[in-house]
Structure formats: structure tokens, C-alpha cells
Amino acid sequence: PYSNASYAQVVPGQNQECLLQGLKQIFEYIGGVPKRIWFDNLSAAVTSIHRNGKRTLTELFQKFALHYNFQYEFCNPNSGHEKGHVENKVGYIRRNFFVPVPVIPDIEEYNRTLLYRCNQNMDRTHYRKGKSIQEWFKEDKKAFGRLPKTSFDVYRLERAKADKYGKVRYAKNLYSTSPEFAQKEGWLQITYNRVIVLNDEYDIVMEHPRLYGEGLESMKWIPYLELMARQPRSLQNLAFYKELADPWKEYLAYTTEKKKAIRLLAQMLKQEEDLSTATEALTQTLQNGCHDPDSILTTWYRLTGQIPEPVEISVPSELSQKVVFEVNLERYDKLLGG
């Protein structure tokens, strides 16, 4: 309130990870931490409010506050007048930064730009104090605490067990692992934008973008392709087959080397999850009159830059003269007894 400075971040949901990730990004951008921060009673920080006014806080929020060394205070429930300046600032941010409603293809890049825009917006004159907001904010920053030497990794761990298909459930959504992980227990490392499946040794089994919604599924097919290669006849009945580009559907339908072709596809997708390059390799190979998986793989290596392009070699003039050798076949007749 002293300087009227403000920063905003866009996050995909109101949960612990989103709240703390947004705060962390602001702290790191401004280069310090306010020593005292007021919060509303959002469930991402407060699990319950007792009759005496005390609050039970989420464990992750408490760890975050200790790491960045700030004192937290909470407004009283249903007391909007206690934070009127914040409510007014929310309206200002909405009107000036989110009208019209933006399209955000990359939330991380958008948030970096948003912090910069908030900073630029502080060049305007303070509505009451005469000098620019930026000047008053410099005074605010003198009271900040230092950033810790190490950044806080915003995530939490939860136990999870995979079903018979090797899929784990979190927040009413499904995430794939691998056939080998079916019916096994492990850990979910949950960030604001990722769900990472770990085994009991904390090795990464699979990593997914975090899904927001209900009844959704994130499926990574690569670990399952080896299993498909053992039973290629069932491939057309799987959802993976329906997601393939048409050239791959046609090729897998008529090729006599289905097992090898599926393993080839798995090999390419391990290095580049996007199917576009693999499809281009298939198309070019077929156009050149080749149909075997090895030729497709060679084309894919060339397209991905893993095989150097052949260069034209200039032959020196002293080597350009052709020498004709004559073979005396009578020697072979004698050798063979002819």
C-alpha cells in the first residue's frame, strides 16, 4: 500500500502449488521478499479456521513461509473492507491487463511478459503522493528481506498405486506409466503444471502435464509400444492407432513387418515425441520406392540431422584420367581346369 506497486501472475488453478509458484516467481523477479504478507483465507493456505481465530495451515504453505522468511497474516472471514486496496488493485489489473481476454499459448512466457508489463506500469505518477510509483517502490524494496540462496521447489509428494493397465489416478484424472509398473505403488510429485510418477527409489517412471478438470487422461504410449509389437494384430483396436497420422495407419495395415515397424516407431518417438518428423520420414521413404522399416529409419536419421548430408567431392585433374583394365579370362579357364 505504501508505493501502490503491484504484480500479477496467471496460474491454472487455485491450489497450493499454483499459489506458491506465483509468489515465488514474483519474489525472484523483484529480488526480495516482503517481511509481512496478508492473505485471504484461501484453501490453498488455510485448511480450517477455529473459533478462537487460529488457523490450521497447509504443510506446504508453512514450509514455503519458513524458507522465504516472511510473516503471514490472514484477514477475517467476510471482511472485504480489511483489504479494500487489494480489491481495487485486482479490478485495475483486470481492466488494464486482461481486456480483451488474452490467448495464452505458453503460460510461462506470458507470466514473464506480465511481470515486465507490471513493472512498466509503475512509471506512472502515484495518485496521491506526486512522484512515480516506481520511485516509491524503491523505498518499499529497502524494507524487503533477502532472497534465500536456494530456490524453493514447489511440489508435494503423494503415494499412488497403478491399476492393471499401469495408470495412476490423481484428482479424478488418469496418468499413464508403463506396463511394468502395473499394480505397483510409487509416488506422485505434483507441481503446478506437472505430474511426475516416481518409483520407490524416486526414479522417474513417467512425466505428464498436469490436467485441470475431471475425467481426463494423459497417455504416453512409448512404454506400451513394445507390448503392442508382441501382439500387432490388436493394434487397430487401440486408441493409440486412432491418434496416428493416416500414412502410418495405411503403412501398418499392409506392411508384413508389423513388429519391426512398431518398434521403429517407438525408437523414433523416444527421441522426439512429436509424430510429424516420423510421418515425414515415412512419406519420403515410400515416395522413393522403399517400404522396409530400416529405410524409414535411415530417412528419419537424415531429417533429424543425425546423419551428415553428403557433400560433393571435386576430383583433382591429375586423377580424372580413366584407365581401362583388360581381364584375361583364359587364366580363370586354366584355374578351373577348362
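Worth a mention:
- Fraction of beta bridges assigned by DSSP in the chain that are antiparallel (%, nearest 5): 80
- Helical runs assigned H by DSSP (4 residues or longer) give the chain a calculated mean residue ellipticity at 222 nm of -11500 deg cm²/dmol, each run adding -39500 (n - 2.57) before division by the residue total.
- For the chain, the residue among Y29, G13, F74 whose Cα projects farthest onto the positive side of the dipole built from Cβ charges is F74.
- For the range 133-159, the residues whose amide N sits under 17 Å from a probe point set 7 Å from the Cα of T191 along the beta carbon direction are 150-158.
- Eigenvalues of the alpha-carbon gyration tensor of the range 109-195, scaled by 5 and square-rooted, set the equivalent ellipsoid semi-axes at 48, 15, 9 angstrom, largest first.
- With the simple spin-label model, which puts each label point 7 Å out from Cα in the Cβ direction, the R117 to E82 separation comes to 3.2 nm.
- Whether the range 108-155 is rounded, prolate or oblate, judged on the alpha carbon gyration tensor where a/c under 1.5 counts as rounded: oblate
- Carbon/sulfur fraction of accessible area - the chain, other protein chains in place, 1.4 Å, %: 51
- The chain: angle of helix 59-68 to the longest principal axis, Cα-based, in degrees nearest 10: 80
- Mean Cα-pair separation over length for the range 97-211, i.e. relative contact order, pairs under 8 Å, 6 or more apart, %: 15
- Take the Kirkwood radius over Cα pairs of the range 23-114, plug it into Stokes-Einstein at 37 °C and 0.692 mPa s, and you get 211 µm²/s for translational diffusion.
- About its Cα centre, the dipole of the chain is roughly 2060 debye, where the only charges are +1 on Lys and Arg Cβ and -1 on Asp and Glu Cβ.
- Most tightly packed first, judged by the mean number of other beta-carbon atoms within 10 Å of their residues, the peptides 145-155, 288-298 read 288-298, 145-155.
- The value given for the range 32-181 is a Kirkwood hydrodynamic radius of 19.7 Å, derived from the mean inverse Cα-Cα separation.
- In this structure the chain gives 64 Å² per residue of accessible area when probed at 1.4 Å with all protein chains present.
- Taking the centroid of alpha carbons for each part, the range 118-179 and the range 198-261 are 34 Å apart.
- Label-to-label distance, nm, for residues given as E139 and K184 (7 Å Cα→Cβ offset): 6.1
- 0 to 90° range, to nearest 10: angle between helix 258-271 axis and the chain longest Cα axis: 40
- A 1.4 Å probe over all protein chains sorts K161, K54 by accessible area into K54, K161, starting with the largest.
- By accessible area with a 1.4 Å probe, ligands and nucleic acids excluded, highest first: order of F74, F325: F325, F74
- In terms of Cα atoms, the Rg and Dmax of the range 155-214 work out to 10.3, 30 Å.
- Note on the chain: percent of Cα-Cα distances in each 20 Å bin, starting at 0 and stopping at the bin with the largest distance, equals 21, 37, 26, 11, 4, 1.
- Taking E28, E318, E158 and ordering them by how much accessible surface each has at a 1.4 Å probe, largest first, produces E318, E28, E158.
- The convex hull of the Cα atoms of the range 183-235, projected and averaged over all directions, covers 5.0 nm².
The values are calculated or read from the model by the stated rules, or taken from the named source; none is laboratory data. Here the structure is a predicted model, which is why all the values come from computation and not from measurement. In this analysis, Cβ positions are derived from the backbone assuming ideal geometry, glycine residues included, and neighbour counts consider all displayed protein chains. Side chains are part of the model used for accessible areas, which takes the heavy atoms of the whole protein and leaves out ligands, DNA and RNA. Shrake-Rupley method; radii C 1.70, N 1.55, O 1.52, S 1.80 Å.
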